[in-house]
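What follows is a short report on a single structure.
The values are calculated or read from the model by the stated rules, or taken from the named source; none is laboratory data. These numbers were taken from a predicted model, which means no experiment stands behind them. Using ideal geometry, Cβ is built from the backbone for each residue, glycine included, and neighbour counts are taken over all protein chains shown. Surface accessibility is based on the protein's heavy atoms, side chains included, excluding ligands, DNA and RNA. Shrake-Rupley method; radii C 1.70, N 1.55, O 1.52, S 1.80 Å.
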Amino acid sequence: MNVRFAQSHATCGGAPTLRYATPQDLVNLLQLYTHLHDNPMPDELPEALWQQIMADPNHHIIVAEQDGQLVSSCVLVVVPNLTRGQRPYAWVENVVTHADYRKRGLGSAVLAHAKDIAMQRGCYKIALMTGTKSDATLRFYESAGYNCTDKTGYIQWL
C-alpha cells in the first residue's frame, strides 16, 4: 500500500494520507472513535480537553485520511523517564480503523508511524495493551512488532 505522511489534508480519492491530527479534526476523530469499543459520540464536544491535547508536545494523534474522512488512527504518548539512561518510553492507545476500511493496512501504517516517532524521540520501548481476545487482532499487533511475552500487563479501572 502506498501511504504518504503529510501535515496537510488529503484530497479525495487516491492513496490514504497519514498525518497528525489538527485542531479542526475533533468531530471527525470522535466519529472515528465510535468504531472503537462502540464508543458513543459525546453529548458535548470536549473543546477544552482537545485544546490541552493539541498543545501537549508529548501527545501525538496520528490519523489516516482517505476520501476526505478520517479512517484510521492511534495515539502515541511519549513519557519522560528517569530510568534506562533517562530515555523516555512511549505508550500507544486508541488504535482504531473505520469498519469499512479495515484489512487495507491502515492500522499497520499508523502504528508504524507511531514507532517512527518513538524512535525519533529516543524512546527505549513502545508499549500497548489490548483487551481483545480476538486472534485476528492479536496477530495484527504481533505483525506490527509487538509481543505479549516480555511483560505482564495489569490494569486497575478507576
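Listed values, structure above:
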item	result
Farthest toward positive dipole pole in the chain [+1 Lys/Arg, -1 Asp/Glu at C-beta], among 147, 74, 17	147
DSSP loop chymotrypsin sites (Phe, Trp or Tyr not before Pro) with at most 16 other Cβ within 10 Å excluded, longest remaining stretch of the chain	1-123
Inter-label distance, nm, simple model (7 Å from Cα along the C-beta direction), residue 31/residue 127	3.6 nm
3J(HN,Hα) from dihedral phi, the range 58-71, Karplus parametrisation 6.51/-1.76/1.60, rounded to Hz, x for glycine, proline	9, 10, 10, 10, 9, 10, 10, 10, 8, 6, x, 9, 6, 10
Which labelled figure in (i) 57; (ii) 67; (iii) 52 is percent of Cα pairs over 19 Å apart, once derived from the coordinates	(i)
Kirkwood-based shape ratio for the range 43-123, expressed as Rg/Rh from alpha carbons	1.03
Protein-only accessible surface order, largest first, of 19, 121 at 1.4 Å	121, 19
Table column - 3J(HN,Hα) (Hz), the range 147-158, Karplus curve with 6.51, -1.76, 1.60, x for Gly and Pro	10, 10, 10, 6, 9, 10, x, 10, 9, 10, 6, 10
Highest average packing first - 57-67, 22-32, 127-137, Cβ atoms within 10 Å	57-67, 22-32, 127-137
Fraction of accessible area attributable to carbon and sulfur, the chain (%, probe 1.4 Å)	52 percent
Under Karplus coefficients 6.51, -1.76 and 1.60, residue-wise ³J(HN,Hα) of the range 87-104 in Hz, glycine/proline x	7, x, 10, 10, 10, 9, 8, 6, 7, 8, 10, 3, 3, 6, 10, 6, 6, 10
Gap separating the Cα centres of the range 64-106 and the range 34-50, nearest whole Å	17 Å
